[in-house]
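Structure first, commentary second.
Rule-based calculations on the coordinates, nothing more; no lab input. Predicted model only: the values in this text are computed from it and were never measured.
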Amino acid sequence: MTGDGLVAFWITYPPALEDEVVALLFERGTVGIEHASVDASALGAGALLAYFPASPPLEAASLLGRADVHARRAPVPAVDWVARFREAFRAFDAGRFRVVPAWDADGRARQPDALIVDPGRAFGTGTHETTRLCLEALGRLADGPGLGRVIDIGTGSGLLAIAALRLGATAAVGVDNDPEAIESAAHHARLNRARLSLLVGDGGKALRDGLFDTVLANLMAPLLLERASELGALRSPGGRLVLSGLLLEDLRLVADAYRPLGRIEELRDGEWAALLVG
């Protein structure tokens, strides 16, 4: 993808909010983010350039919906962003896995410690702290009670559900309300030769209660709070919840909401956190 078919927004924000702003931009469907090549410190703010598909159109005023984060349109340079991203993306370790870009896979799809990704197709390619926290939590469960039947709510790229299968899950289902995310997850399942079941749906509403031994939800705190009873109901007796997408400032509130569902264990990575429940 070149600059054609893209729009860019200049985003300024209080520097302490950078992680949260980046997560929100990915939720809105950004296809790329870069630190702006200006001295934003003179403005007393952090600054990013965020790129989005030109269709459907986005308005700067409604992009993030926060009074302390500002967006305005910016010109899009004629750059092959896919080529630039590939130049910068290298294989890296996440949990017990080696995350490898598809163009460097070299037949590694069958290796149990490899996760093959096609970066840029959907959120969840292993680079963000929330994804890494989920991989760590899945590893802990695999070493303990086992993963059993897994459901990944808001599956995005499908990477976490594929990792669960690599770690011994008996079955894995990925659910997302975005058909393009489901297409991305199916693409990643093929890259990794994983038998992943996929469903376009609104969370767990269309699924039978009590069916899954591990319920995985890498979402933002407001959604985790809103869906607490729904996510808890998906668990089989003795099942576990893996909850991520939490900034540290939201940790106590979300932990309190899920405390009635079982014992809680916290995992942290920088400004982000995850919870193991049950």
Per-residue HN-Hα couplings for segment 20-26 [Karplus 6.51, -1.76, 1.60; θ = phi - 60°; Hz; x = Gly/Pro]: 5, 5, 4, 4, 5, 5, 5
Extended-chain gain in nm, criterion 0.36 nm per residue less alpha-carbon gap, S236 and R268: 8.9 nm
task: Compute the normalised compactness of segment 218-278: alpha-carbon radius of gyration over 2.2 N^0.38 Å, N being the residue count.
output: 1.01
query: Which whole-Hz couplings ³J(HN,Hα) result when phi for each residue of segment 163-171 is put into the Karplus expression 6.51 cos²θ - 1.76 cosθ + 1.60, θ = phi - 60°, listed in order with x for Gly and Pro?
result: 4, 4, 5, 4, 8, x, 4, 6, 6
field: Rounded to whole Hz, the Karplus (6.51, -1.76, 1.60) HN-Hα couplings of segment 91-99, x for glycine and proline
entry: 4, 8, 8, 9, x, 9, 10, 10, 8
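Once you have a ≥ b ≥ c as the square roots of the Cα gyration tensor eigenvalues for segment 122-277, tell me rounded if a/c is under 1.5, and otherwise prolate or oblate according to whether a/b is larger than b/c.
rounded
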task: Among DSSP beta bridges whose residues both lie in segment 122-277, state the antiparallel percentage, nearest 5.
output: 35
